[in-house]
1. Could you state the angle between the C-alpha long axis of helix 2-20 and the longest principal axis of the C-alpha atoms of the chain, as a value from 0 to 90 degrees rounded to the nearest 10?
2. Please count, across the chain, the pairs of lysine residues with Cα atoms under 13 Å apart that sit 8 or more places apart or on different chains.
3. Measure nothing fancy, just the Cα-based angle from helix 42-65's long axis to the longest principal axis of the chain, in degrees from 0 to 90, nearest 10.
4. As a test question: what accessible area, to the nearest 10 Å², does K91 have when a 1.4 Å probe is rolled over all protein chains in place?
5. Averaged per residue, what accessible surface does the chain expose to a 1.4 Å probe, in Å²?
6. Keeping all protein chains in position, work out how much accessible area S69 exposes to a 1.4 Å probe, and write it in Å² to the nearest 10.
7. Please report the Cα spread of the range 24-89 along all three principal axes, rounded to whole Å, starting with the longest.
8. Would any residue of the range 1-32 have its amide N under 13 Å from a label point 7 Å out along Cα→Cβ of E71? List them or say none.
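The values are calculated or read from the model by the stated rules, or taken from the named source; none is laboratory data. Every value quoted in this text rests on a predicted model; they were computed, and no experiment measured them. No Cβ is skipped: glycine too gets one built from the backbone with ideal geometry, and neighbour counts run over all protein chains shown. Ligands, DNA and RNA are stripped out before the accessible areas are found, and what is left, the full protein with its side chains, is counted by its heavy atoms. Shrake-Rupley method; radii C 1.70, N 1.55, O 1.52, S 1.80 Å.
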Amino acid sequence: LAEAIVHEVMHLQLTLIEKIAALVASNAKSFYSPWKDEMRNPQGILHALYVFRVIDSFFGELSNRLLESPEAVLHVATRRNEIHSQIRMIKDFAESKELTALGKIFAHRLIKKIN
């Protein structure tokens, strides 16, 4: 439940950010989304990248401070590994010509923390 709440709130937050700072120059090209296992436009990929990086950070904080049961620790570790693997699959996305200069910086910083 917590992951779903963080997920939706981060989509809303990034939408607000996009109202004042252009991150995507064009949605003309499609990219593979490891989260949906389908092709998506750059804005969809950027949203997924942001949302799942925040979820990864959220789970990182949980695992460092609050988790006590072995099941919870295993779930969080497994989920974080999945997210890291998915982000590695799109590591070249940050170089896309579909992103603005600011969008490239943003994507690079989100991806860099995983590699």
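1. It works out to around 30 degrees.
2. For the chain, qualifying lysine pairs total 5.
3. Approximately 20 degrees, to the nearest 10.
4. In the full protein context, K91 sits at about 110 Å².
5. The answer is 61 Å² per residue.
6. Spelled out: S69, probe radius 1.4 Å, area about 50 Å².
7. That gives 46, 19, 14 Å along the principal axes, largest extent first.
8. Zone members listed by number: none at all.
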